[in-house]
Each structure stands twice: as C-alpha cells, then as structure tokens.
Amino acid sequence: MGPDEMNPEELQDYSGHMPAPPRLEEDEEEHGPTSPRRKTLLRKPIEIGAFRRHEEEGPEGERQASAREDKEAPAPRKEDGREGGKDRERSHSPRQEKAAKKAEDQTDGRNLKKEQSGTQSRMTEEENRLKNLKEIPDTIDGIKRALEEKIGLGISFDVTFREMVFGGVRCGFLYMNGFAKDTALIEVIKRLTYADEAEMTDRPLEELKDKLVAHIQVESLEKFDEVIDKTLAGMTALFVEGARAALVIDAKSFPTRSTSEPDLERVVRGARDGFVETLMTNVTLIRRRLRDPRLKFEVVQVGERTKTDVCIAYIQDVAAPELIDTFRNKVEKVVIDGIPLGEKQLEEILVSKGGWNPYPLVRYSERPDVVAAHLLEGHVVLLADTSPSAMILPCTIFQLMQHAEEYRQTPAVGTYFRWVRYFGIIASLFLLPIWYLMVVHPELKPVNMEWLGPEKTARLPVIVQFLIAELGVDLMRMAAVHTPTPLATAMGLIAAILIGQIAVETGMFVNEVIMYMAVATIGTFATPSYELGMANRITRIILLLAAAFLGVPGLVAATTIWLITLTVQRSYNSPYMWPFIPFNAKALYTVLVRRPFGTSRHRISLTDTTDNTRQPVSDG
C-alpha cells in the first residue's frame, strides 16, 4: 500500500506531518515537484544567499555559488510508486522549507555580523591612534577630531570647545564648563580681539602669549596629554591654527564650601576656620599661619585615572631630610587606579600596608593651627585634593590623645583637661571588664565596696547584657550619622529613655550595666582622635570577652598582649608608645603636663629634627 492509499492518521505517522490537501489533475502541472514555480520557491533562499556571497566574494564567488546550486538542485522524480510518493511528499513539506530558510538566514546574519565586526575593528584602530596621539595637530579640525576620542568632545556635555578668530587665525578654547571662571576668560577674550593680522603670521602662539593673553598664570605646552590633564584639572587650553602647542590658562573656579570650624575638633576659644575639599584653599590656610620661606609644598599626582593632586608639606630646615625623601619616594611609587577617598587610601598603602591593626598610625586633623604646630615640630603633612583632612606623620598614641583646647587655656587648666581626658580613655577600656570580674567573683571587691555588684538579677547574663549594649551603642551612633539634625535629638531620647528604661523594667537588663556602659561610651567620645576611639572600642570588647571566658588570668593576658602589640608598632619608623617605651623622662613630663609655652626651648626628639631649637638663644 502506497502513501496515496493510506488514511490521514497512517500518513502522518509515515511521513511525519499531515499530507497536503488533495489537488485536481489540472493543478498538478502548476504545483508538481518539477513545476517551474516549485523550483523557484525551493531555490529562493539559495538565490538570496548567492546574492550576499556575490557582494562579499565578487563575480568569481557568484559563479562558484551557481555551480553549487545546480549541483545541489533535486533531480526530477517519478510521480507514481512508493519511493516517488515519499519524495514528493517530503519535497512538499513546509517544515523543511522553513528550516532551510532559517538556516540560510542564520548564515546571512553571521556574514553580516562579520562585516560589522570588521568595520568596528577599523574604527577601533582609528580611535586608538587618536587616543595615543602625543603631538598636537596643527589644524583646528584635527584638534577637534582628536579631542572627540581623547576627552569625549561632543559626547560629554561639560566638555566645551569654543572656536573664534583672532587676527585672521582660527583659535579654539577648550575647557570644562563647570570649572571655567567666566569673568577671567571674558577679559582674556576681550584682549585677544585686538590681535593684529600682520603680527599673527609668523609665530601666532608666542604673539598671543607675550602680548595679548592678559592673565597671570599662562604656560605653553607641546604634549597633548599634558594639555588634557591640565584641562581636566580646571584650566583652559587655547589652541591656535598652525601651532603644534597650546596655551594653558589657569582660570578655574572649583565648587567649594566655606572654611567653617570642624565638628570633631571644636574649641571654646580659638580659630573657627577649617580645611575644605579644595587643596589650594587648605594650602593658603597653612601658609597664612607659617610665613616661613622654607615651608615647602610639593605636589605629586597619584592615580592612573583620578590623577589626584597630593601635596607634601614640610619645613625644609626643621624636618629630617631622610623622612622627607623616604615619604616622597613612596608617594611617587604608588601605582593604583585612583584614590577617590583621598589620604585615607594613601594611609593604607603607605603606612598600614594592608594590615588589620585597628589603631591609627597617623594623625588626622582638619584644623590649620594644629597642622602648623606639627610642622614646627618637624612632622611631615600630607594633603590630598578633594579631602578636608590633613594626615600628620609620624605620630604616637599620646599625640592622638591631645586636643587643641588644652593649649587654648592656661597651663593649669590645660593640664586638668588632659588628665580628665586620660581618665576617660582608661575608663573606656578597663571599667567594664573590671566591674564584670567583681560581679562574677565577689572576692575581688575591695574592702568596704561590696555595693559594687547589682542589687537585682536579670534574665540575661551580664556578659550578654554588655555585648547587646555595645552593639546598641554602635547602632545608635551609626543611626545618628544618617539621621537629619532636627531628628537626632529625638532619636537620642528614644534610644536612651524608652529603650533603656523598658529593658530595665522588663528584667532584661540591670541598672548598673546601663550606667557603666554610659560611662565607658562617654570616655570613648572624649577621645580627640575618632580613629583611636573606635580602636579602643574594639579593644574593650576583646578585654571583656577575655574576662568572661578566662577570668582574671584572661584579662591580664589580654592586657599584656595589647600593650606588646602597641609597643612593637611603629609610625613611619617612630616608636608608637614613645616616650613611655622607649622611656624619655623629659618628653613624658611634657606629655603628662601641659607646660607653659615659654619654657619649651627645644623641639621634641621624636622626629629627629635638623634644627631642634624652638626659640633662639640670646647672645648675652
């Protein structure tokens, strides 16, 4: 039985698809497998592919494609018989036609992608050539084309190129729209309008620089990358037709805030100005206090992409030359993508070196008077653009405990403030673990101080109460940072009164835990250095856990390890515990007592200063 004698279900199983609808005999000639129309429909995808190959391969490719088509064309088949019926039904299959067309379309799509990929590759080579262009083109059109690839002219909306004609010569101003100081540039343009065409023929760039550009800071640069870097730093570049150099005009204006008093270093009496995010403003604040011609400010760019200006400040005949050279070389050798966080990332690269030590090895300050005082002591100061903090090094742990308020009061009052601050810092470290040991081991209580323990017991162990309170204080501190100022007071009342009171009334906490935790927290906040206060908080938790699990031996062992760790630390080759370890009696007296200013005739020996005389000795 052939395919023509099967019912539809059997034919579907036999051929894999439904049979074609019945046709009349007069339509067989038009729709048969050998009909011209059928051949055209079957060969249409091949003809499309041949047309594409003709575009890619030329006439020779077209002849080869035609030969392949003729070779692959199906031969005429018999109209009757089993084999002829099977071939006829398969040739009529719309599924096979659809699959063949889909395969051909995929081939055409791959060929089109290859063509586009080749075009993109050629564009990439052109872009790379322009991006790596070192010399400045001698035409304005060439400069604009190169700027499109080097700096994104026409893509970045803040990149502006202003074309003008002065003295019959085409010129162009390149500047960042947000950095340009329009008042200064308008005066420059007004002056350039007086350019004489006769004088602009031989050396137009030198003529503009020497006679017409009315600005105090102008330099001529020949390297294209240097011009781009100066422009990205806020300056304005002037290109002239026919000159392979550019004039860079320092007419910039950065968005900045006022020099207000820092929040972390407030004083009752004293200067109210502080550093801002603009490097030049910070340098000016220091120069205003130190009018020493030997005060130097060296600038080094750090970061392959950020190109952040890092300033190294020192007094040449006071700071140790070895310290200056070593620090300068380390800063210049920094290879990194960028330092968007400023001096803090430099500290981790230069000083901390990727360690996990929580204690700061440098001192940060936002007060110009504090920085000036450390420069007079022989320290080196690092300032980073876009950062309001100055990094002072080397430093000791005792310098991190000093505050400017101590020197704004009389020596007696300043000494009292210093001792109160020392007491608060010590209490923030050891008050909680010592009280915990007295609660757990009552025999450790001093005589006539049996009242130190809690009167009532709580549902939670004391160590759990302390840990929850520690985490709660840290959480409240972080919430206060992100809370708007009008709501910060309300948040503090809610946290201190409602949560604390409810925790005590429900029996989860005891009153003594809340009280001692508050005293330790106040001692942490009394630490002048924010970084030192956070490091002491981590140390307090470690000491508390050591006392809870190991008792008195654990607290003693943890304290000993803590002291040894601080002793072996060095801040840029300077002992971190100086003058306690190594011991220096005179310097330790200066640390413990705020001496009158007139009695200090010599600088400290920590920095190994070149000139250690603070006050000149009279000839008499």
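The values are calculated or read from the model by the stated rules, or taken from the named source; none is laboratory data. Since we're looking at a predicted model, the values are computed, not measured. Reconstructed Cβ throughout: ideal geometry from the backbone, glycine too, with neighbour counts over all protein chains shown. In case anyone asks, the SASA skips ligands and DNA or RNA and just uses the protein heavy atoms, side chains included. Shrake-Rupley method; radii C 1.70, N 1.55, O 1.52, S 1.80 Å.
Going by what's in this entry, would Tyr359 be described as within 22 Å of Thr567 (Cα to Cα), touching a strand residue (DSSP E or B) at 6+ places or on another chain (Cβ under 7 Å) and buried (at least 16 other Cβ atoms within 10 Å of the Cβ)?
On the way: within 22 Å of Thr567 (Cα to Cα): yes; touching a strand residue (DSSP E or B) at 6+ places or on another chain (Cβ under 7 Å): no; buried (at least 16 other Cβ atoms within 10 Å of the Cβ): yes.
Considered against the rule, which asks whether it is within 22 Å of Thr567 (Cα to Cα), touching a strand residue (DSSP E or B) at 6+ places or on another chain (Cβ under 7 Å) and buried (at least 16 other Cβ atoms within 10 Å of the Cβ), Tyr359 comes out as no.
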Worksheet, complete the sentence: Across (1) in a loop (DSSP other than H, G, I, E, B); (2) surrounded by fewer than 18 Cβ atoms within 10 Å (Cβ to Cβ), Pro528 clears everything bar (2)
Worksheet item: Assuming Ile538 fulfils every condition listed in (1) assigned to a helix (DSSP H, G or I); (2) surrounded by 15 or more Cβ atoms within 10 Å (Cβ to Cβ); (3) of a type outside the set (Asp, Glu) apart from one, which condition is it?
Response: (2)
Worksheet item: Within the stretch 416-427, which residues are open to solvent by less than 30 Å² (accessible area, probe 1.4 Å) and of a type in the set (Phe, Trp, Tyr)?
Response: Tyr422
Worksheet item: Is it fair to say Val568 is under 17 Å from Ala427 (Cα atoms) and either in contact with a Phe, Trp or Tyr (Cβ under 6 Å, 6 or more places away or on another chain) or surrounded by fewer than 17 Cβ atoms within 10 Å (Cβ to Cβ) (or both)?
Response: no
Worksheet item: Of all residues in the stretch 134-147, which are of a type outside the set (Lys, Arg) and farther than 12 Å from Leu174 by Cα?
Response: Glu135, Ile136, Pro137, Asp138, Thr139, Asp141, Gly142, Ala146
Worksheet item: With Leu545, Leu588 as the choices, which residue is more than 30 Å from Met438 (Cβ to Cβ) and in a helix (DSSP H, G or I)?
Response: Leu588
Discussion item. Criterion first (open to solvent by less than 40 Å² (accessible area, probe 1.4 Å), over 25 Å from the mean Cα position of the chain (by Cα) and either without any contact (Cβ under 8 Å) to a residue 24 or more places away in the chain or more than 17 Å from Glu298 (Cα to Cα) (or both)) does Pro388 satisfy it?
Written reply: no
Worksheet item: Which one of Tyr589, Tyr576 is open to solvent by less than 40 Å² (accessible area, probe 1.4 Å), within 19 Å of Gln402 (Cα to Cα) and at pLDDT 80 or above?
Response: Tyr576
Worksheet entry | The one condition in (1) within 29 Å of Arg570 (Cα to Cα); (2) touching a strand residue (DSSP E or B) at 6+ places or on another chain (Cβ under 7 Å) that Asp292 fails to fulfil | (1)
Practice prompt. Consider Glu332 carefully, then state whether it is open to solvent by 40 Å² or more (accessible area, probe 1.4 Å) and either under 15 Å from the mean Cα position of the chain (by Cα) or of a type in the set (D, E, K, R) (or both).
Written response: yes
Worksheet item: Can you pull out the helices (runs of 4 or more DSSP H) entirely within the stretch 172-265 that have at least 3 residues that are surrounded by 14 or more Cβ atoms within 10 Å (Cβ to Cβ) and more than 33 Å from the chain's Cα centre (by Cα)?
Response: 182-192, 204-207
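So that you can scan it fast, the table gives a plain yes or no per residue for (1) touching a residue at least 60 places away in the same chain (Cβ under 8 Å); (2) closer than 28 Å to Ala390 by Cα; (3) among the aromatic types (Phe, Trp, Tyr):
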{"residue": "Asn511", "(1), (2), (3)": "no, no, no"}
{"residue": "Tyr516", "(1), (2), (3)": "yes, no, yes"}
{"residue": "Ile522", "(1), (2), (3)": "yes, yes, no"}
{"residue": "Thr527", "(1), (2), (3)": "yes, yes, no"}
{"residue": "Phe549", "(1), (2), (3)": "no, no, yes"}
Worksheet item: For the stretch 266-303, how many residues are open to solvent by less than 20 Å² (accessible area, probe 1.4 Å) and at positive phi?
Response: 1
Item to complete: Taking Gly342 as meeting all but one of (1) open to solvent by 40 Å² or more (accessible area, probe 1.4 Å); (2) modelled with pLDDT under 90, write down the number of the exception.
Response: (1)
Worksheet item: Is there a residue in the stretch 272-289 that is more than 17 Å from Pro388 (Cβ to Cβ) and in a loop (DSSP other than H, G, I, E, B)?
Response: no
Discussion item. Yes or no: the stretch 403-410 includes at least one residue that is open to solvent by 10 Å² or more (accessible area, probe 1.4 Å), closer than 30 Å to Thr281 by Cα and among the polar types (S, T, N, Q).
Written reply: yes
Worksheet item: For residues in the stretch 428-455 being part of a helix (DSSP H, G or I) and open to solvent by 60 Å² or more (accessible area, probe 1.4 Å), which is modelled with the highest pLDDT?
Response: Ile434
Discussion item. Looking at (1) touching a residue at least 24 places away in the same chain (Cβ under 8 Å); (2) open to solvent by less than 40 Å² (accessible area, probe 1.4 Å), which one does Arg595 not meet, given that it meets all the others?
Written reply: (2)
Fill in: Selection count, the stretch 129-174, where residues are over 17 Å from Glu222 (Cα atoms) and touching a Lys or Arg at 6+ places or on another chain (Cβ under 7 Å)
4
Item to complete: Check Ile494, Ile463, Ile502 and return the single one that is modelled with pLDDT of 75 or more and more than 21 Å from Ser428 (Cα to Cα).
Response: Ile502
Worksheet item: If you take the residues in the stretch 152-171 that are surrounded by 18 or more Cβ atoms within 10 Å (Cβ to Cβ) and hydrophobic (A, V, I, L, M, F, W, C), which one is farthest from Met235 (Cα to Cα)?
Response: Val169
Item to complete: Only residues that are open to solvent by 40 Å² or more (accessible area, probe 1.4 Å) and closer than 18 Å to Trp451 by Cβ: list them for the stretch 497-511, please.
Response: Asn511
